[in-house]
Amino acid sequence: MLEIKDLHVNVHGKEILKGLSLKVPPGEVHAIMGPNGAGKSTTSYTLAGRAGYEVTSGEIGFHGEDVTALSPEERAARGIFLAFQYPMEIPGVTSMNFLKTAMNSQAKLRGEPELDAAQFLRRVRAAAKELNISEEMLKRPLNVGFSGGEKKRNETLQMALLKPRLAILDEMDSGLDIDAMKLVAEGVNKLRAPDRSFLVITHYQRLLDYITPDVIHILSDGKIVLSGDKSLALQLEEKGYDAVINKAA
Amino acid sequence: MSEETNTLQDLADQKYKYGFVSDIESELAPKGLSEEVIRFISAKKDEPDWLLQYRLDAYRRWLTLEEPAWARLRYPRIDFQDAYYYAAPKSDKDGPKTLDEVDPELLRTYEKLGIPLHEREVLAGVQERKVAVDAVFDSVSVVTTFKKELAKVGVVFCPISEALKTHPDLVRQYLGTVVPATDNFYATLNAAVFSEGSFVYIPPGVRCPMELSTYFRINAAKSGQFERTLIIADKGSHVSYLEGCTAPQRDENQLHAAVVELIAMDDAEIKYSTVQNWYPGDENGKGGIYNFVTKRGDCRGDHSKISWTQVETGSAITWKYPSCILRGDNSVGEFYSIAIANHLQQADTGTKMLHLGKNTTSRIISKGVSAGKAQNTYRGLVSVHAKADGARNFTQCDSLLLGDRCGAHTVPYIQSKNPKAILEHEATTSKISDDQLFYCLSRGIPTEEAVALIVNGFCREVLQQLPMEFAVEAQKLVGISLEGSVG
């Protein structure tokens, strides 16, 4: 359960989020849509705990705990996962090695034993197969020379293996053609589970054709101005942000 | 100040694991440098007269030389009279015959360093292969393992002082033929006062059955270490050799001026790996080893190959250019280097590839990592002589900066007198970006581990060249060297 209460966030001294409140119960998929500059990326970075995104007031509650002051790695260990709009390249570090380091770091932070090499390999291979990711791709340096689709599939693979309780998908569809988007959405849909919630952040409605949300929120000027079911996305598509937001206000 | 420099700026305490001092009584030569001291060292080693003359000639020449000043290194003038040129554990009167006779304190020292001196022990590696070790403590060799097993295939692996007694002709034939006593200030000093080091001879057609390794430890205060290593790979032979080094944490600087000579005959191959972890000094630049080293390999025979791999993480000052003379036709020279400088460390390191023979090829991969206020310079020479038809070189110099108070410098010299030579040079300079760090953090990887992961990735091509037994250790070392380089 994610519960954001009246969140105010400054970036470089400028207030970007101006009283954001939001509740995402376990098992549900919520989408945040909004025009450029509404604070969508700020929302995802703030939830993941990025330095420079300063919470001036309000609270991020996660399964009954206030995580507002926690470091990004502590949040990750508690099950918050951010799928990046632009996943970073790390030259010389294979996807395999990165996955292993991430899984073991989280296990360590949670006080759990690390996986042995055989267990790890079995899990990675099974998850990679589901996502149509080849063994060869796992041996390549992380995201280096990956196509847009490969990068997003790799994000989904990380999600599948890290088993988060909250997955934030930041503009998951950007840079993808329809086929690649379908493949990624399929991967995400397979990961839907009663104890896992999703926050899908997107500018366009088209991704929501493939990942069906339970609730859609419209973010404008740093707060949620309207919430509704998936028909809201269609309204937006038809009338545009301005008309829908003005009507709400 | 940017967000990234905020994250990376706090260069704090680097933990040097090997900074302890062993409580061992030393026998020292009189302080300072003079003909008497050189005679003392030579007498201690019971050396033949030709070698004493070799030393004295070098000393007299050294007196006329000036310290080189062309490197990008800043340090106070070294007082060469304020050091001991010979230090030996007192218990080692006649040299221990077996491990049981070695001072237990010495054995404990190597145990703490993780160096196996008992033959039943092997370094923990994936395959648990055997590694023969020559352990040099200050100016003497403590013990050399697996000598008997190596002797079965004709491989000679022993301290150079012992080789002078058992294989005097071999030593005399090759000593100083790659790095002559007249070579440079520090090599000349070494020729005058060298006290220990390893000698390796691989007979024709023999593939050395195990990794050979020498472990150097400076312990005594105010002493320098001047080792001399000589490796000869005869026709069609193959050897992989590794050296490691550490020193106690002391406030004053200590001098290390080694000379390493490699000779590869026809079809022979020498792989020489170094994990240099001398005490680097503290975060304020106090103490640390001054490392002035001349290493050179001579591909004397056709189709011979010499490959240098170095992981340089220690020393306050590093001045080191492992080189290859590609004399034989079709010979190959390689240089793979990782140089990490943190705090106030200064490294000026690189290689020289001298193409003399036809169809000679060389490959240089250099990875420099700078953190804190460190300065890291790659200095290299690729030289192709007129007769070296078909010579090829590929050079890649990459620098990685952590924070905004350190420096990376690349000084490549390329000289070609042969119009048909093909020379390639690539260079990059990058920083660990804030985005990369956050990406790792968001996956649950804490900052220091994230930096170690990214730096290890940056160094991967070089780490892959290390013998498997040491690659894991080296990866950990990369992480440890940068401990405290991020806040």
Considering only region B:394-405, I want to know if a residue exists there that is of a type in the set (A, V, I, L, M), away from every other protein chain (no Cβ under 14 Å) and under 30 Å from B:THR360 (Cα atoms). no
Residue pairs meeting the criteria (Cβ under 9 Å; at least 6 apart or on separate chains; first within 14 Å of another protein chain (Cβ to nearest Cβ), in region B:412-436; second of a type in the set (Gly, Ala, Ser) and exposed (fewer than 13 other Cβ atoms within 10 Å of the Cβ)): B:ASP434/B:SER2
Any idea how many residues of region B:309-331 are open to solvent by less than 10 Å² (accessible area, probe 1.4 Å), more than 26 Å from B:LEU344 (Cα to Cα) and either polar (S, T, N, Q) or touching a Lys or Arg at 6+ places or on another chain (Cβ under 8 Å) (or both)? 4
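Each row is one residue, and each column tells you yes or no for (1) modelled with pLDDT of 95 or more; (2) more than 25 Å from A:VAL11 (Cβ to Cβ); (3) of a type outside the set (Lys, Arg); (4) outside any helix (DSSP H, G or I).
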site	(1), (2), (3), (4)
A:PRO213	yes, yes, yes, yes
A:LEU219	yes, no, yes, yes
A:GLU237	no, yes, yes, no
A:ASN246	no, yes, yes, no
Restricting region A:86-105 to residues that are assigned to a loop (DSSP other than H, G, I, E, B) and open to solvent by less than 60 Å² (accessible area, probe 1.4 Å), the one farthest from the other protein chains (Cβ to nearest Cβ) turns out to be A:PRO87
Among the candidates A:LYS108, A:LYS139, A:LYS129, which residue alone is among the charged types (D, E, K, R) and within 9 Å of chain B (Cβ to nearest Cβ)? A:LYS108
Subset of region A:61-85, residues more than 8 Å from chain B (Cβ to nearest Cβ) and over 17 Å from A:ARG196 (Cα atoms), comes to A:ASP66, A:VAL67, A:THR68, A:ALA69, A:LEU70, A:GLU74, A:GLN85
Reported set for region A:174-211 where residues are in a loop (DSSP other than H, G, I, E, B), over 22 Å from A:LEU2 (Cβ atoms) and open to solvent by less than 30 Å² (accessible area, probe 1.4 Å) is A:LEU176, A:GLN205
A:LEU121: passes all of (1) more than 22 Å from A:PRO213 (Cβ to Cβ); (2) open to solvent by 70 Å² or more (accessible area, probe 1.4 Å); (3) in a helix (DSSP H, G or I) but (2)
Free of Cβ contacts under 8 Å to residues at least 60 places away in the same chain, away from chain A (no Cβ under 14 Å) and open to solvent by 30 Å² or more (accessible area, probe 1.4 Å): does that describe B:GLN464? no
Restrict the check to region B:341-360 and report whether at least one residue is touching a residue at least 60 places away in the same chain (Cβ under 8 Å), farther than 21 Å from B:GLY176 by Cβ, in a strand (DSSP E or B) and β-branched (Val, Ile, Thr). no
Select from region A:106-118 the residues that are under 29 Å from A:GLY145 (Cβ atoms) and in a helix (DSSP H, G or I) and list them in ascending order. A:GLN106, A:ALA117
Which pairs have Cβ atoms under 7 Å, sit 6 or more apart or on different chains, and link a residue in region A:39-54 that is within 8 Å of another protein chain (Cβ to nearest Cβ) to one that is among the acidic types (Asp, Glu)? A:ALA51/B:GLU3; A:GLY52/B:GLU3
Anything in region B:439-460 that is open to solvent by less than 10 Å² (accessible area, probe 1.4 Å), in a helix (DSSP H, G or I) and either more than 7 Å from chain A (Cβ to nearest Cβ) or touching a Lys or Arg at 6+ places or on another chain (Cβ under 9 Å) (or both)? List them, or say none. B:CYS440, B:SER442, B:ALA450, B:VAL451, B:VAL455
For region B:268-275, state whether one or more residues are open to solvent by 20 Å² or more (accessible area, probe 1.4 Å), out of contact with any Phe, Trp or Tyr (no Cβ under 9 Å at 6 or more places or on another chain) and of a type in the set (Lys, Arg). no
Leading residue by the ranking (modelled with the lowest pLDDT) among those in region B:68-91 that are open to solvent by 40 Å² or more (accessible area, probe 1.4 Å), more than 22 Å from the chain's Cα centre (by Cα) and closer than 25 Å to B:ALA257 by Cα: B:LYS90
Could you look through region A:32-62, keep only residues that are in a helix (DSSP H, G or I) and open to solvent by less than 10 Å² (accessible area, probe 1.4 Å), and pick out the one that is nearest to A:MET1 (Cα to Cα)? A:LEU47
Exactly one condition in (1) farther than 30 Å from B:LYS367 by Cα; (2) within 14 Å of chain B (Cβ to nearest Cβ); (3) touching a residue at least 40 places away in the same chain (Cβ under 8 Å); (4) surrounded by fewer than 18 Cβ atoms within 10 Å (Cβ to Cβ) is false for A:VAL144; which is it? (1)
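Among the residues of region A:161-173, write down those that are part of a helix (DSSP H, G or I) and either surrounded by 23 or more Cβ atoms within 10 Å (Cβ to Cβ) or basic (Lys, Arg) (or both).
none
The values are calculated or read from the model by the stated rules, or taken from the named source; none is laboratory data. Quick caveat: nothing in here was measured; it's all calculated off a predicted structure. Here the Cβ is made from the backbone with ideal geometry for all residues, glycine too, and neighbour counts use every protein chain on show. All accessible areas refer to the heavy atoms of the entire protein, side chains included, with ligands and DNA or RNA removed. Shrake-Rupley method; radii C 1.70, N 1.55, O 1.52, S 1.80 Å.
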